[in-house]
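Peer 1: Okay, handing you the structure first.
The values are calculated or read from the model by the stated rules, or taken from the named source; none is laboratory data. Remember, predicted model here, so these are calculated numbers, not experimental data. Reconstructed Cβ throughout: ideal geometry from the backbone, glycine too, with neighbour counts over all protein chains shown.
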């Protein structure tokens, strides 16, 4: 089966595995390698092994190539040789239902709330905005992530990264 309905952490999605795999075959490399700054290269070295099993399972179930993130950035170095990253993967398909609304007084149902999928790892799913490259003209879901990963480099910890010099990803 190349198309399937999945329940993922409070969201229900229809994933088109064949279309997702086809799109990833044309993506040369993930955003981390396209950028090449020290923070992004660390992300490349630490994932997907540093992802919690539920996050790896979500990516596999939707046909995502975990080595080809659509976007990533180092948010902050943390204590203990760890780093907080934010980014996104894409898969072809659509959201059928959103996660249950929790009724936070300052939020609306359209606002993403990240779900915990592992220690220091969270995801949110939502419909992707119009995309370019292999994702153009396809209905896609954006898997946003917040993950804490180890600093894999040598030295005391993650270097300070000048985000102004970090190359923004181009269309994949």
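Peer 1: Would you say residue 95 is buried (at least 16 other Cβ atoms within 10 Å of the Cβ) and either modelled with pLDDT under 90 or more than 27 Å from residue 27 (Cβ to Cβ) (or both)? Write out each step before concluding.
Peer 2: Numbers: buried (at least 16 other Cβ atoms within 10 Å of the Cβ): yes; either modelled with pLDDT under 90 or more than 27 Å from residue 27 (Cβ to Cβ) (or both): yes.
Yes; evaluated as a whole, the condition is true for this residue.
Peer 1: Tell me, which strands (runs of 3 or more DSSP E) lie completely within segment 1-103 with 3 or more residues that are farther than 24 Å from residue 130 by Cβ, in contact with a strand residue (DSSP E or B) (Cβ under 8 Å, 6 or more places away or on another chain) and touching a residue at least 40 places away in the same chain (Cβ under 8 Å)? Can you show your working first?
Peer 2: Details: elements: 3-8, 11-16, 71-78, 82-97.
The qualifying strands (runs of 3 or more DSSP E) are 71-78, 82-97.
Peer 1: Please verify whether segment 2-13 includes one or more residues that are more than 21 Å from residue 119 (Cα to Cα), modelled with pLDDT of 90 or more and touching a helix residue (DSSP H, G or I) at 6+ places or on another chain (Cβ under 8 Å).
Peer 2: Checked segment 2-13: no residue is more than 21 Å from residue 119 (Cα to Cα), modelled with pLDDT of 90 or more and touching a helix residue (DSSP H, G or I) at 6+ places or on another chain (Cβ under 8 Å).
Peer 1: Any residue in segment 114-132 that's surrounded by 13 or more Cβ atoms within 10 Å (Cβ to Cβ): show its pairings with residues that are assigned to a loop (DSSP other than H, G, I, E, B) and modelled with pLDDT of 90 or more at Cβ separation under 7 Å, as long as the two are six or more apart or on different chains.
Peer 2: Here the result reads 117/52; 118/52; 121/51; 121/52, each pair linking segment 114-132 to a residue that is assigned to a loop (DSSP other than H, G, I, E, B) and modelled with pLDDT of 90 or more.
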